[in-house]
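Below is one structure, written out as structure tokens; the observations come after it.
Values in this text are rule-based calculations from the coordinates and carry no lab data. Since this is a predicted model, take the numbers as computed values, not measurements. All Cβ positions, glycine included, derive from the backbone under ideal geometry; neighbour counts span all protein chains shown.
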Amino acid sequence: MKVLETKLKDCFILEPNVFNDSRGYFFESFNAKTFIEHVNSKTVFLQDNESFSTKGVLRGLHYQTGEYAQAKLVRVVQGSVLDVAVDLRQDSKTFGQHVAVELSAENKKQLFVPRGFAHGFIVLSDTAIFSYKCDNYYNKASEAGIIYNDKDLKIDWKLNESDFLVSDKDLVLPTLKNAKLS
């Protein structure tokens, strides 16, 4: 597996070794030893989640606060998405900056989103199945988010905003300047 650093400290792109033959393909989507050596020795995943969405669905930007903060390892099983991580660590040199990576069933890339980051994605294909590991359990009282179109973040979601499908809950999220960060 190839592990690539992003411009955001502690946020990595993982590219697995894919073995193709006449029957199809095989790849190792997760190996704890490799992950610990190359990405983060402190992260232990406790929960796997999966979502199905149609083109234009934008989920995010979400995070958990306090003791329920979560690190995530995300990937796409079917289709393609633009995946976005925003650094919310106020003591970080890259606070308020983001990284955007196209994740797809074809490229099999994964993104490691550490604790202290907001996360979101938009579906670029007709449909997508999105899968992710979390290192902490979900806690409704600790959920938080930032509005996807915060002008200070300058995220290019790659689709026309008129084509976005955003939940009512996500439409009323605060900007980064007004967000609860801890």
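Brief remarks follow.
- Filtering the range 124-136 to residues that are assigned to a loop (DSSP other than H, G, I, E, B) and of a type in the set (S, T, Y) leaves only S125.
Rundown of residues vs (1) assigned to a strand (DSSP E or B); (2) buried (at least 22 other Cβ atoms within 10 Å of the Cβ); (3) of a type in the set (S, T, N, Q), yes/no style:
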{"residue": "Y63", "(1), (2), (3)": "yes, yes, no"}
{"residue": "L82", "(1), (2), (3)": "yes, no, no"}
{"residue": "A85", "(1), (2), (3)": "yes, yes, no"}
{"residue": "A100", "(1), (2), (3)": "yes, no, no"}
{"residue": "L103", "(1), (2), (3)": "yes, yes, no"}
{"residue": "K108", "(1), (2), (3)": "no, no, no"}
{"residue": "I122", "(1), (2), (3)": "yes, yes, no"}
{"residue": "A144", "(1), (2), (3)": "yes, no, no"}
{"residue": "L153", "(1), (2), (3)": "no, no, no"}
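- Residues satisfying the stated conditions in the range 19-50, i.e. of a type outside the set (F, W, Y) and surrounded by 14 or more Cβ atoms within 10 Å (Cβ to Cβ): S29, T34, H38, V39, N40, T43
- The number of residues in the range 52-61 being surrounded by fewer than 16 Cβ atoms within 10 Å (Cβ to Cβ) and under 19 Å from K158 (Cβ atoms) comes to 1.
- The lone exception for A128 - which of (1) of a type in the set (G, A, S); (2) surrounded by 20 or more Cβ atoms within 10 Å (Cβ to Cβ); (3) without any contact (Cβ under 8 Å) to a residue 24 or more places away in the chain it fails: (3)
- Candidates Q90, Q64, filtered to the one that is on the phi < 0 side of the Ramachandran plot and in contact with a helix residue (DSSP H, G or I) (Cβ under 7 Å, 6 or more places away or on another chain): Q64
- Only one entry of L181, L159 meets the criterion of being closer than 28 Å to K108 by Cα, part of a loop (DSSP other than H, G, I, E, B) and in contact (Cβ under 8 Å) with a residue 60 or more places away in the chain, and that entry is L159.
- Whether a residue is in a loop (DSSP other than H, G, I, E, B), under 15 Å from the mean Cα position of the chain (by Cα) and on the phi < 0 side of the Ramachandran plot was assessed, and L58 does not pass this test.
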